[in-house]
1. Just a yes or no: is a residue in segment 293-312 at pLDDT below 80 and of a type in the set (S, T, Y)?
2. Is there any pair with a first residue in segment 147-167 that is in the same structural domain as I225 (by the TED database) and a second that is buried (at least 17 other Cβ atoms within 10 Å of the Cβ) and of a type in the set (K, R) whose Cβ atoms are under 8 Å apart and which are 6 or more apart or on different chains, and what are they?
3. For segment 93-117, give me each residue that is touching an Asp or Glu at 6+ places or on another chain (Cβ under 8 Å) and open to solvent by 30 Å² or more (accessible area, probe 1.4 Å).
4. From the list D87, D66, D59, exactly one residue is part of a loop (DSSP other than H, G, I, E, B), free of Cβ contacts under 8 Å to residues at least 24 places away in the same chain and more than 24 Å from F117 (Cα to Cα). Which is it?
5. Would you pick out the residues in segment 64-92 that are of a type in the set (V, I, T) and open to solvent by 70 Å² or more (accessible area, probe 1.4 Å)?
6. Would you mention how many residues in segment 337-368 are under 21 Å from E402 (Cβ atoms), at pLDDT 95 or above and loosely packed, with under 14 Cβ neighbours inside 10 Å?
7. Filtering segment 195-250 down to residues that are closer than 14 Å to K165 by Cα and part of a loop (DSSP other than H, G, I, E, B), which residue is most open to solvent (accessible area, probe 1.4 Å)?
8. Across segment 283-312, what is the total count of residues that are without any contact (Cβ under 8 Å) to a residue 24 or more places away in the chain and open to solvent by 60 Å² or more (accessible area, probe 1.4 Å)?
Amino acid sequence: MRLNIGMCFMVLLMATRVNSFVGITWGRQQSQQLVPSMVVDLLLQNEIPALRLMTSANDIIEIFSDTNISIAITLGHQVFNLVNRKDLAYIWVNDRVKEPINKGVNIVEVTVGSEPFSSSFFRATAKTYQFVNVIKLVRGALNDMGLGYIRTTTSHGMDVLELTKIPSEADFRDDIKTLMLESLEFFNQTGTPFLLNMFPIQMVREVLECPMEFAFFNNKSEFKIQDGNVTYRNAVELMIDSVAWAIRKAGYPNMKIMIGTPLKPGPIDVFLHSLSDENEFPSVFGAFQRHWGIYEADGNPKYKIDFTLQDRDIYPTQAKGLVTMPNRWCKFDGDNSDKDLVNKYYNFACEEADCTRLEKGGSCDGLSDDSKISYAFNAYFQKEKQRVEACDFDGLGEITAENPSVGNCEFPIEILALQDQIGRDNSISIRI
């Protein structure tokens, strides 16, 4: 299987599966939304058996009824206060889990919180002190409602560890060790998985400080790390085994972890993040966080990948039925006589829309200054659904029917849901 180092991996360390699978997450933090029915088609056509939703997705969850796709939903830490009592947990489980199941949705897991013990990414909103209480309340409600088969877990980042370059030296951070031990005890008692979010490229850059090839999962890097009699030839296996060592040191040496690494040979369950690019995802660590998608925002696949694990040299199927705005773009008219005014509107456009492709290393990094301004103006224009006023910029913008894209830098056109097109002009484009 070919994996891109820019991807984020979500790995289930668990003891209950015999065969491995590759699922995918769908985050939906984007101005250009894929229509949910199209997402179902993409999953079925690519034989993707499992989907992890980053919210409870109660607005679209029923679209997965009778598809047999395994669904994991998320109870975000932002709403812990709505589920912090037994009665509130019952209401949430009934509305967000039981009712969709009764309508044919195959919900198999509830992820409670997102990296609640992180030292960086979600530090401001993690509400660590509530997590253990909330996950126990949700577990109790599921059991009482006859839904005991549904797993409850949470995701963890690598920063729950005191990171080292040698897996056997890894351990949980001292400041969260008590909470981690309580969580592990809960996981052990309930037979639920330890969910690990992994960013191999970040591990290689910031911790291992080794050649970037080590982030690939294909073992072709000449760099290696020796840990006793175990040799690591990629960062993915090293990261998983670091967590496995920490769990072992926490007092659970008999916890079966079926993962395909030197320390624990066996199948590995992986969720790739994410289905499509998310141009509104917070870019805490860099622009790359908005471009993890297997698909572009318009449903075009970016990578060759075989989700069936047969190692076929294929692209995923392309999204069909997408509806776009007319072929109109906004561009800079080239008037640089008032540079302050130009910079003002360039910055405004990039604050309101996504300009991350213009950053160093991005696909539009090599544009001329004027073309970069055009890209920014167009990004805002498309986000505003091509309103004429959105391409004014005090007279610096002009609407054109000539595609201003340059080389690999594509100037996007806004995507719309089918229901948004009722009553619009007939110059829209539909991909079939």
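1. Within segment 293-312, the subset at pLDDT below 80 is 297-298, 309.
Now restrict to residues that are of a type in the set (S, T, Y): none.
Checked segment 293-312: no residue is at pLDDT below 80 and of a type in the set (S, T, Y).
2. Going by the 8 Å Cβ cut-off, the qualifying pairs are L147/K98; T152/R139.
3. K103
4. The conditions single out D59.
5. Restricting attention to segment 64-92, the residues satisfying the condition of being of a type in the set (V, I, T) are 67, 69, 71, 73-74, 79, 83, 91.
Correct list: I91 only.
6. Summing the residues that are under 21 Å from E402 (Cβ atoms), at pLDDT 95 or above and loosely packed, with under 14 Cβ neighbours inside 10 Å in segment 337-368 gives 1.
7. Among them, the one singled out is E209.
8. Counting residues in segment 283-312 that are without any contact (Cβ under 8 Å) to a residue 24 or more places away in the chain and open to solvent by 60 Å² or more (accessible area, probe 1.4 Å) gives 2.
The values are calculated or read from the model by the stated rules, or taken from the named source; none is laboratory data. Keep in mind it's a predicted model, so treat the numbers as computed, not measured. Using ideal geometry, Cβ is built from the backbone for each residue, glycine included, and neighbour counts are taken over all protein chains shown. Only protein heavy atoms, including side chains, enter the accessible area calculation; ligands, DNA and RNA are left aside. Shrake-Rupley method; radii C 1.70, N 1.55, O 1.52, S 1.80 Å.
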